[in-house]
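Here the structure comes first, spelled out in structure tokens, and everything after it is commentary.
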Amino acid sequence: MASGEILSCSKFYFELDGLDDLIVKKISGIAITLETAGDKKPIGVGKGGKSQMQATVTGVTNGKITVEFVSTVEDNRLMTWYEESHSEPIKGGGTKSKGARKTGSITLYNQGGDESARWNLKGVMPQTYKSSKLEAGSTNLATETLDFVYENMHRVK
């Protein structure tokens, strides 16, 4: 890596356990929020009438990762995983995956093709699934977009 190299948003990959060969078009939503208390207004006053404030972390809120994949012939693994992760809408009951979640990672590569940044995710589960708009005469590629929820995410590189 060149000293001080700036990373490009176009050299990346998203992988999940057992789904490491998909074609990824784009990723968005990498976010973690520390929930706080006592950071918006004074929590009290001290001697001399001086206001006291202290931001205290009370929890963490994860975002959701949205990943758009390019559809390929006869590869329905994303839809299958989504269906197996959720109860049947009318019947209800348990899921085929029995609540199993995946681990995954988002990786950015430098200009030399070396891994230069990585976020590891644990407890990944598909929340929503949708396919691209199908339209006669369209020149777009068919895509599948999934929103993933996760239990935790850490930037490890």
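The values are calculated or read from the model by the stated rules, or taken from the named source; none is laboratory data. None of these values were measured; they are calculated from a predicted model. Quick reminder, even Gly has a Cβ in these numbers, built from the backbone with ideal geometry, and neighbours come from all protein chains shown. Protein only, heavy atoms only, side chains kept; ligands, DNA and RNA dropped before computing areas. Shrake-Rupley method; radii C 1.70, N 1.55, O 1.52, S 1.80 Å.
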- prompt: Which one of T72, T66 is among the polar types (S, T, N, Q) and part of a strand (DSSP E or B)?
  reply: T66
task: With respect to G104, determine if the residue is touching a residue at least 24 places away in the same chain (Cβ under 8 Å) and on the phi > 0 side of the Ramachandran plot.
output: no
message: Looking only at the range 83-105, count every residue that is hydroxyl-bearing (S, T, Y) and at pLDDT 90 or above and tell me the total.
response: 2
message: From the list K133, K122, exactly one residue is of a type in the set (K, R) and closer than 16 Å to T61 by Cα. Which is it?
response: K122
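Right, L108: aliphatic (A, V, I, L, M), at pLDDT 85 or above and outside any loop (DSSP other than H, G, I, E, B) or not? Quick ask: steps written out before the conclusion?
Numbers: aliphatic (A, V, I, L, M): yes; at pLDDT 85 or above: yes; outside any loop (DSSP other than H, G, I, E, B): yes.
Spelling it out, L108 is indeed aliphatic (A, V, I, L, M), at pLDDT 85 or above and outside any loop (DSSP other than H, G, I, E, B).
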- prompt: For S97, are the conditions met, namely being touching a helix residue (DSSP H, G or I) at 6+ places or on another chain (Cβ under 6 Å), within 15 Å of D17 (Cβ to Cβ), in contact (Cβ under 8 Å) with a residue 12 or more places away in the chain and surrounded by 12 or more Cβ atoms within 10 Å (Cβ to Cβ)?
  reply: yes
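Determine whether the range 120-130 contains at least one residue that is part of a loop (DSSP other than H, G, I, E, B) and open to solvent by less than 30 Å² (accessible area, probe 1.4 Å). Steps first, please.
Here is the first cut: in the range 120-130, the ones part of a loop (DSSP other than H, G, I, E, B) are none.
Looking for residues that are part of a loop (DSSP other than H, G, I, E, B) and open to solvent by less than 30 Å² (accessible area, probe 1.4 Å), one finds none in the range 120-130, hence no.
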